[in-house]
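S.K.: First, the structure itself, so that you have it in front of you.
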Amino acid sequence: MIDIDVVTLSRLQFAATAMYHFLFVPLTLGLSFLMAIMESVYVMTGREVWRRMTLFWGTCFGINFAMGVATGVVMEFQFGMNWSYYSHYVGDIFGAPLALEGLMAFFLEASFIGLFFFGWDRMSKVGHLCVTWLVAFGANFSALWILVANGWMQHPVGAVFNPDTMRMEVTDFMAVVFNPVAQAKFVHTVSAGYVTGAMFVMAVSSWFLLKGRHQEFAKRSMAVAASFGLAAALSVVVLGDESGYVTTENQKMKIAAMESMWHTEPAPAALNIIAFPNMEKQENTFAISVPYLLGIIGTRSLTTELPGIVNLVETAKERVRDGIEAYKALQVVRANPGDTAAREIFSQKWPNLGYGLLVKQIRPDVENATEADVAAAAASTIPNVPVVFWSFRVMVGLGFYFIAFFAAAFWIASRHKLGEQRWTLWVALFSLPLPWLAIECGWLLAEYGRQPWAIEGVLPTFYAASGLTFTDLVISLSIFLLIYSVLAVIEVILMVKTIKKGPLEHDPLQPTIAGPDVLPITAAAGPKL
Amino acid sequence: MSNLIPFDYETLRLVWWLLLGILLIGFAVMDGFDLGIGALLPFVAKTDEERRVVINVVGPVWEGNQVWLILGGGAIFAAFPMLYAVSFSGLYLAMMVILVALILRPVGFKYRSKIGDPGWRSTWDIILCIAGTVPALILGVAVGNVLLGLPFEFDDTLRTFYRGNFFQLLTPYALLAGLVSLSMLIMHGAALLTWKTEGVIADRARSYGRLAALATIVLFAVAGVWTAYGIGGHVLTSVVDPLGPSNPLGKTVAVEPGAWLANYTAYPWMMIAPILGFAGALLALVGFTAKRPALTFITSGVAIFGIIATAGVSLFPFLLPSSLDPSNGLTVWDASSSKLTLWVMLLSTAFFLPIILIYTAFIYRVMRGKVTTVSMDKNPNAY
């Protein structure tokens, strides 16, 4: 019934398009605020260098934003295209934040971005500044709603399964919006975007200084980016820890995998700094660990235990058995909607229905599952430990690097010594790709670490896919790979070209710029409408 | 929580059916002229200078316009999740074609002007033309196929199975619907060009606009006759409880020739929709000829409203009929979200949609006036 190759290709396509989309999003989040800050300084001081800064970083923003929009449309439609059972199963909850993102956020950002570019000579200074801030807020509200949606995939609250409609339905909308996982992820994710924006400005400005171009422009840009970046880097790590803390409450399996902790240890647990997890033997072939640290970070206490992977699988077996009971009761209810006894059983057992569905990938007749099937289904709740373990470490390591980097930059900038040590400029230039690396590792951890679930504990990923054919997927995946690769090359070429051209030397908005040799298309300009 | 909702489930479902129509019409009216202008680009503008003028007509607004589609997608997901699940997965490759166009279009607007090389620019011109034409056509083909019914069914867990492929969508009736859509959006794009440009571009746009308006009238009429006499419509033959749970498996449906026109007999006031479609296109035709650009643009918008509303009310209460097993078709009453979700989304939409309309109007006001070489050169950000 479920073609596992189609599921695998669908996952690959979703992962590829989502990670590609998120190459553009963080720069949008970060640069929009930096532009708004720069333009604010311009409006307050009236010094035209700040307007040239806003214009130049705005041009980079625009090149990036077009790709963000183009790849974002794909995300909005792919749930229905590739994950139609998912869309049916949780659309009642999951669709709302996506629609709200359009209503509240993306409309705001996308409408005013046009005015940001085209409204300079048509609006007052303050008016245009408001437009720029609205773009920045729109972008960040967008992230809020998307992370409310994603947070619900990690920690599905405020909803219940309705056997009459065969789907999850919302019971408490406020619980979905104020989901602690969503809130922590939102702050963590936008902060990561601010780090990216700040790093982009640092690296490009460093390049100008290395080339001896646009000194004043580059130093001012770096000063803004250094302070913004320092605040953001502190926020991303501190609030990342908050995100980790929340994870331990809700996704014990993910944190056990993240730490490669196979067996429950006496509290407080040790933190593995380096480990080589072995999935077959369910142990670490090698590990260097710091005693007590994980227990303290993860539970903020010295006495609370953190469960290990093997122990969690034991718990999962219980839930699978319960889930099979829920599945059986659901079948009875479906055959005979008036069976109150079965409804009663289902209303107690439904929270484990998802665990019952895990059996589906082992045998279609869930009701006949043997103890071996239960064990296999429970074992399938272990994500890919090495990938999760290492992506977490790369992300955290880079997080600490960003704090050090921006603290140093801030220190140098506050002593007005930017650019005096050439090697610092090289460090900044070569740090450019690192925020992207950290962010992609973060998403890998969040999404790959949630497997086998599409919705944690509720809906297994393999069960959520559309009934497409293998050919459909080969065609769509090839199209995406081709178009996205070509566009990535073009985007980089245009970005490099824009940077090489550099900021304008003179403010183009001064009235001298429209030369007398420029003629309208028809000699007689018609009346303005 | 749900006993605090002042409307019953039936009302909320009906309101969301209306809102869905408003959002799709919003998309067709706002993003529609972007698509139409894209399709017209190589024809109304011959030189690079002229093409820049045309692109800068939509330059400040295409980003916002595109959000109508994204919001439409999100609203279908939130309000009618089954419609979203069945249609987007069933029309998978058609959706891919639209997505490719929607990926290339924004990039084309933004990137074309960044490099001066004529080969680079004419390549993007062709891409922009195709990326405007193809979605306009395919979206119409999709609506045509909805009227014909899509070959899908459910199993008892409400998992969808679609038994068809991309090429089966390209039937003569569906292609006719595609041409209605294409001609009306070209008419709309041409109308905006006559308003926002001058001289030779506006003249060319006027002649293409006249043709498109004429084509819209003729094709819409042919489609109406074909719908009345050539294809079957779906009719509910069992009672569907408008207050019941959203499960499309509990009803029976018959297919009868001409049944898509049954609503007009039962509720004659619904004739307003096709009348507005014809009247709008006719007045647009007059407007093009009389050189009244504002009138032309508004009436072509009215035509779009009328034509899309016609498709909507003809189908009602169906959203997505099934040709494979008509009783599995989706209706307003059995494919919606829960009452609470519909209510929360209605509150949000009632609050934010007016705000969106206000700031959109403000932006168009700031950007009013014709686009000329002079106005472009004043702005270093112009495309």
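A short reminder: the numbers here are calculations on the coordinates, not readings from a lab. No experiment lies behind these values; they were computed from the predicted model shown. All Cβ positions, even for glycine, are placed from backbone atoms using ideal geometry, and neighbour counts span all protein chains on display.
S.K.: Which pairs do you get when a residue that is closer than 18 Å to residue A:147 by Cβ and touching a residue at least 60 places away in the same chain (Cβ under 8 Å), found in the range A:183-206, comes within reach of a residue that is in a helix (DSSP H, G or I) and of a type in the set (Val, Ile, Thr), reach meaning Cβ atoms under 6 angstrom, with the pair 6+ apart or on two chains?
M.R.: Qualifying pairs under 6 Å: A:184/A:246; A:192/A:236; A:192/A:439; A:195/A:236.
S.K.: Within the range B:101-123, can you find the residues that are of a type outside the set (S, T, N, Q) and in contact (Cβ under 8 Å) with a residue 12 or more places away in the chain? Break it down into steps so the answer makes sense when it comes.
M.R.: First, the residues of the range B:101-123 that are of a type outside the set (S, T, N, Q): B:101-112, B:114-121.
Hits for the range B:101-123 are B:101, B:102, B:104, B:105, B:106, B:108, B:109, B:110, B:111, B:112, B:118, B:121.
S.K.: Is one or more of the residues making up the range B:44-52 within 20 Å of the chain's Cα centre (by Cα) and of a type in the set (A, V, I, L, M)? Working first, answer last.
M.R.: Kept after step one, since they are within 20 Å of the chain's Cα centre (by Cα), are these residues of the range B:44-52: none.
Scanning the range B:44-52 turns up no residue that is within 20 Å of the chain's Cα centre (by Cα) and of a type in the set (A, V, I, L, M).
S.K.: Which members of the range B:77-86 meet the condition of being more than 7 Å from chain A (Cβ to nearest Cβ) and either farther than 19 Å from residue B:316 by Cβ or touching a Gly at 6+ places or on another chain (Cβ under 8 Å) (or both)?
M.R.: Listed by number, the list holds a single entry, B:79.
S.K.: Follow-up. Tell me whether the range A:29-43 contains one or more residues that are under 23 Å from the mean Cα position of the chain (by Cα) and without any contact (Cβ under 8 Å) to a residue 12 or more places away in the chain.
M.R.: No, the conditions are met nowhere in the range A:29-43.
S.K.: I'd like the full set of residues that are in a helix (DSSP H, G or I) and among the hydrophobic types (A, V, I, L, M, F, W, C), limited to the range A:349-372. Give the derivation first.
M.R.: Pass one, the range A:349-372, residues in a helix (DSSP H, G or I): A:349-361, A:366-368, A:371-372.
If the condition is that a residue be in a helix (DSSP H, G or I) and among the hydrophobic types (A, V, I, L, M, F, W, C), then A:350, A:353, A:357, A:358, A:359, A:366, A:372 are the ones that fit.
S.K.: Are there any pairs with C-beta distances below 7 angstrom linking a residue in the range A:355-376 that is under 20 Å from residue A:7 (Cβ atoms) and free of Cβ contacts under 8 Å to residues at least 24 places away in the same chain to a residue that is of a type outside the set (Asp, Glu) and in a helix (DSSP H, G or I), with the two at least 6 apart or on different chains, and if so which?
M.R.: Close Cβ pairs satisfying both conditions: A:362/A:376; A:362/A:377; A:373/A:359.
S.K.: May I ask you to list the residues in the range A:45-81 that are within 15 Å of residue A:492 (Cα to Cα), hydrophobic (A, V, I, L, M, F, W, C) and at the interface with chain B (Cβ under 9 Å from one of its Cβ atoms)?
M.R.: Residues satisfying the conditions are A:63, A:65, A:66, A:67.
S.K.: State which residue pairs qualify: first residue facing another protein chain (nearest Cβ under 9 Å) and inside the range B:155-170, second residue loosely packed, with under 13 Cβ neighbours inside 10 Å and among the aliphatic types (A, V, I, L, M) in any location, beta carbons under 8 Å apart, and separation of 6 or more residues or different chains.
M.R.: Taking only residues 6 or more apart or on different chains, not a single pair turns up.
S.K.: Also: Within the range A:92-124, how many residues are under 20 Å from the mean Cα position of the chain (by Cα), within 7 Å of another protein chain (Cβ to nearest Cβ) and touching a residue at least 60 places away in the same chain (Cβ under 8 Å)?
M.R.: Qualifying residue count for the region: 1.
Yes or no, residue by residue, for (1) in contact (Cβ under 8 Å) with a residue 60 or more places away in the chain; (2) out of contact with any Leu (no Cβ under 7 Å at 6 or more places or on another chain); (3) outside any helix (DSSP H, G or I):
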{"residue": "B:7", "(1), (2), (3)": "yes, yes, yes"}
{"residue": "B:12", "(1), (2), (3)": "yes, no, no"}
{"residue": "B:15", "(1), (2), (3)": "yes, no, no"}
{"residue": "B:24", "(1), (2), (3)": "yes, yes, no"}
{"residue": "B:31", "(1), (2), (3)": "no, no, no"}
{"residue": "B:34", "(1), (2), (3)": "yes, yes, no"}
{"residue": "B:41", "(1), (2), (3)": "yes, no, no"}
{"residue": "B:53", "(1), (2), (3)": "yes, yes, no"}
{"residue": "B:57", "(1), (2), (3)": "yes, no, no"}
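S.K.: Output the residues belonging to the range B:278-298 that are under 14 Å from residue B:217 (Cα atoms) and in contact (Cβ under 8 Å) with a residue 60 or more places away in the chain.
M.R.: At the first step, the residues of the range B:278-298 found to be under 14 Å from residue B:217 (Cα atoms) are B:278-286.
Within the range B:278-298, B:278, B:281, B:282, B:284, B:285 qualify.
S.K.: Take the residues in the range B:195-220 that are within 13 Å of chain A (Cβ to nearest Cβ) and not hydrophobic (A, V, I, L, M, F, W, C), then tell me which one is farthest from residue B:311 (Cα to Cα).
M.R.: Checking each candidate, the answer is B:199.
S.K.: Quick one: in the range A:43-63, of everything that is among the charged types (D, E, K, R) and touching an Asp or Glu at 6+ places or on another chain (Cβ under 7 Å), which residue is farthest from residue A:193 (Cα to Cα)?
M.R.: Within the range A:43-63, the first condition is being among the charged types (D, E, K, R), and the residues that meet it are A:47-48, A:51-52.
Going one step further and asking which of them are touching an Asp or Glu at 6+ places or on another chain (Cβ under 7 Å), we end up with A:48, A:51-52.
Details: A:48: 27, A:51: 23, A:52: 23 Å.
By that ranking, first place goes to A:48.
S.K.: Any residue at all in the range A:404-425 that's of a type in the set (Val, Ile, Thr) and crowded, with 20+ Cβ neighbours inside 10 Å?
M.R.: Step one: of the range A:404-425, the residues of a type in the set (Val, Ile, Thr) are A:412, A:424.
Add one more test, that the residue is crowded, with 20+ Cβ neighbours inside 10 Å, and what stays is none.
Within the range A:404-425 (the criterion being of a type in the set (Val, Ile, Thr) and crowded, with 20+ Cβ neighbours inside 10 Å), the answer is no, since none of the residues qualifies.
S.K.: Next up: If a residue counts only when it is more than 12 Å from chain A (Cβ to nearest Cβ), aliphatic (A, V, I, L, M) and more than 25 Å from residue B:50 (Cα to Cα), which helices (runs of 4 or more DSSP H) contained entirely in the range B:285-383 have at least 1 such residues?
M.R.: Details: elements: B:293-315, B:339-366, B:373-377.
The helices (runs of 4 or more DSSP H) meeting that bar are B:293-315.
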